[in-house]
Structure formats: structure tokens, C-alpha cells
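Enquirer: Here it is, the structure in full.
The values are calculated or read from the model by the stated rules, or taken from the named source; none is laboratory data. Just so it is clear, the structure is predicted and the values come from calculations on it, not from any experiment. Here the Cβ is made from the backbone with ideal geometry for all residues, glycine too, and neighbour counts use every protein chain on show. Keep in mind that these areas ignore ligands, DNA and RNA; they rest on the heavy atoms of the full protein, side chains included. Shrake-Rupley method; radii C 1.70, N 1.55, O 1.52, S 1.80 Å.
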Amino acid sequence: MEVVDTREGYNFKITGSKTFAVLAGRDDVVFCPFCYSQVGLDDDRCSSCGKNIPELIYYHGDDDTWIASGNE
């Protein structure tokens, strides 16, 4: 599990077994949820930061963070 920094204007979109960042109101282009570089729907790993695209990103209310799981 890893903390994900959220950026204003982006949401998360689950597609199959991966969760990407997308621009709010426009989900036809997907981005790495860690570095926000554009990636493809078929990509398992971001070519910019090298991190795996996570299966799920969920909110952890105890410390007000977003956590990525399944990206080991």
C-alpha cells in the first residue's frame, strides 16, 4: 500500500483491475495516479515514474489520505 497525492481537477476511475487518475468531466484519457503522466489503459506500469498502476485507491479517513493497494 502506498499513499497517493491527489491533484485538484482529477478523479479516480476504475477500469478492469486498475485505477487511473482522470481529469474531472473527461475520462477518455487516463493518467498515472502517482505522477499524473499520461498512460494507456493497457499499461500495467507508468513509463515515467516506474510505479505499477494500482488495483484500487481508497480514502483513509483516520489520517485524511488516499491509499493505493494492489500495486506491489
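Enquirer: Check segment 44-59 and report whether any residue there is aliphatic (A, V, I, L, M) and out of contact with any strand residue (DSSP E or B) (no Cβ under 6 Å at 6 or more places or on another chain).
Expert: No; the residues of segment 44-59 include none that is aliphatic (A, V, I, L, M) and out of contact with any strand residue (DSSP E or B) (no Cβ under 6 Å at 6 or more places or on another chain).
Enquirer: Something else now. Which of the strands (runs of 3 or more DSSP E) contained wholly in segment 5-72 include at least 1 residues that are at pLDDT 90 or above, in contact with a Lys or Arg (Cβ under 6 Å, 6 or more places away or on another chain) and open to solvent by less than 90 Å² (accessible area, probe 1.4 Å)?
Expert: 18-23
Enquirer: Before we move on, is Ala24 in contact (Cβ under 8 Å) with a residue 12 or more places away in the chain, of a type outside the set (Lys, Arg) and in contact with a Ser or Thr (Cβ under 8 Å, 6 or more places away or on another chain)?
Expert: The answer is no for Ala24.
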